[in-house]
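Only one structure is covered here, and it is reproduced in the block below.
The values are calculated or read from the model by the stated rules, or taken from the named source; none is laboratory data. Fair warning: this is a prediction, and the values are worked out from it, not measured in the lab. In this analysis, Cβ positions are derived from the backbone assuming ideal geometry, glycine residues included, and neighbour counts consider all displayed protein chains. Protein only, heavy atoms only, side chains kept; ligands, DNA and RNA dropped before computing areas. Shrake-Rupley method; radii C 1.70, N 1.55, O 1.52, S 1.80 Å.
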Amino acid sequence: MARPPNPRTLPPVLLLLLLVPLPLGAGEYPLPTEGRLVNSCIQARRKCQVDPICNAAYHHLNSCSSSVSTPSPSQELLVPEECREAAQHLRNSSLMSCTCHRRMKNQVACLDIYWTVHLARSLGDFELDVSPYEDTVTRKPWKMNLSKLNMLKPDSDLCLKFAMLCTLNDKCDRLRKAYVEACSGSRCQRPTCLRQLRAFFEKASEPHAQGLLLCPCAPADQGCGQRRHNTIAPSCALPSEAPNCLELRRVCVSDPLCRSRLVDFQTHCHPLDILGTCATEHSRCLRAYVGLIGTAMTPNFVSSVNTSIALSCTCRGSGNLQDECEQLEESFSHNPCLMEAIAAKMRFHSQLFSQDWADSTFSVMEHQNKNPALRPQPWVPSLFSCTLSLILLLSLW
C-alpha cells in the first residue's frame, strides 16, 4: 500500500527569515508627503471641501483669521461672534486635529490650513500653543565615511572635520555652497540668505547639518569656535541692528512658517526643571531649535568662546512689557533644556572622533532619552512586514 505523501514543510532557512523583522527602508528617508501623515492638514482640507457646511465654515474662518490679530501671551483673544459661529461648525471636523511635517513637500500650504483652523482650536478646550508638526523620532544609526579625513592634519578641530564631511557629501556640499553664496558679504540679500539657510537645514541629512552647527571645540580654540559661530553666516542672516525682541516675535507670528517653528520650539524645548530635563526628547528640542534657523527668529551662538545661545534682539524700550520681553529672550539664553540638549549632542560628536575612524564607514546608534515612554518601538511597524511575508511565502509554497 502506497504511503501518503508527507506534507510539505518550510525549510529551516525560511522559518528563520520569517522570525526576523524585515527592514522598512534603507538609507536616507525620502521627504514626507501628506499621505505619510496620520492626519495631514491637506488631507483634512480635502475632506472638508466635499462637505458644503464644513467648506463654507472654513472659508468664513479663513477671512476671520486675517482680521483677528494674534495676541501676545499677556493679551486676550478677541473674536467676532460670526467667527465663533464658523468655528463651531468645524468642531467635529478632522481639521481640528490635523498636523504637518517640516520636511513635507507642501509644508507652507499645510501650515496655512493649520493656522486658519487654529482660531477654532483656541476657542475650545485645546491648548493655545501646540506645535503643528507631527515629527516621529527615529532611531537610525549615523553612517559616515570618515576615511577621507586622513587628508586633514591629525590635530584639526572638529568643526573643520565636520565641514570636510559635508564637502565630501554631494548633497550637503551643494546645499551648503548655495547658502554660502547667497549669504556672502558682497551678495548679501537677507531674505535670499534666510531662504537658502532653511533649505540647507531642511534638506541636508541631520548628521551633516547638526555636525556643522553643533561641533564641539576646546575652550581655548577660538578658531574652531569662530567657525562654529559663523556656520549660519550671521553677518547676513541676522539683522544689522538688534530689534526689540517683542517686535521680532510679532514679525515671526505674522508668517505661518516662522510661527510654526517658534511654537514647535516652545513645545519641545520647554524645560521641566533647572537640570535640563525637556518636556520631550532632547533630539526633538534640537530639531525644533535648528528649525528656527532661517526664520526671523534665527538664534546663534553668542561668541566663539562658549556655547551660549541668544536671539539677535534687545529688550530695551519694552516699557510695561519688559518682563514679557525678558521671558522671551531668556527662553533661548537661559533655557536649561536647550543647553543640555546642545551639550549632549556635542558630547556625542566628540565621541565620534574619539574612536578609531580609519575604517571606511563609521556607524553608531545615538543614545536617546532614558524615558521609555518617549522611545519609539521599532518592532511595531516590523510586525506587519513579518505577517505579510509569511502570507506570501505560504501562498507560494
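Please list 281, 324, 82, 206 in order of solvent-accessible area, largest first, computed with a 1.4 Å probe with all protein chains present.
So, going from the largest accessible area down, we get 82, 206, 324, 281.
Ignoring everything but the protein chains, give the 1.4 Å probe accessible area of residue 245 in square angstrom, nearest 10.
The accessible area comes out at roughly 0 Å².
For residue 174 and residue 308, what is the calculated FRET efficiency with R₀ set at 25 Å and r taken between the beta-carbons, to the nearest 0.05?
0.20
Roughly how many Å² of residue 277 are accessible to a 1.4 Å probe, to the nearest 10?
60
With all distinct Cα pairs included, what does the Kirkwood hydrodynamic radius of the range 142-352 come out to in Å, to one decimal, could you say?
Averaging 1/r across every pair of different Cα atoms and inverting gives 17.7 Å.
Which order, highest average first, do 329-338, 215-224 follow once you tally other Cβ atoms within 10 Å for each residue and take the mean per peptide?
Averaged packing, sorted descending, gives the order 329-338, 215-224.
Just to confirm the filter: which trypsin sites (Lys or Arg not before Pro) across the range 286-361 are DSSP coil and have at most 11 other Cβ within 10 angstrom of their Cβ?
In loop regions of the range 286-361 (DSSP not H, G, I, E or B), the sparsely surrounded trypsin sites (Lys or Arg not before Pro) are 316.
Could you rank the peptides 40-53, 176-189 by their average count of other C-beta atoms within 10 Å per residue, with the highest value first?
Order by mean packing, descending: 40-53, 176-189.
When the accessible area of the range 142-352 is split by element with a 1.4 Å probe, what percent falls to carbon and sulfur?
Carbon-and-sulfur percentage of accessible area, whole number: 52.
Give me the accessible area per residue for the range 142-352, probe 1.4 Å, as a whole number in Å².
Averaged over the residues of the range 142-352, the accessible area is 45 Å².
Highest first, please rank the peptides 85-97, 102-114 by the mean number of other Cβ atoms sitting within 10 Å of their residues.
Order by mean packing, descending: 102-114, 85-97.
Using only protein heavy atoms and a 1.4 Å probe, report how much of residue 202 is accessible, in Å² to the nearest 10.
40
Relative contact order for the range 142-352: what is it in percent, counting Cα pairs under 8 Å that are at least 6 residues apart?
22
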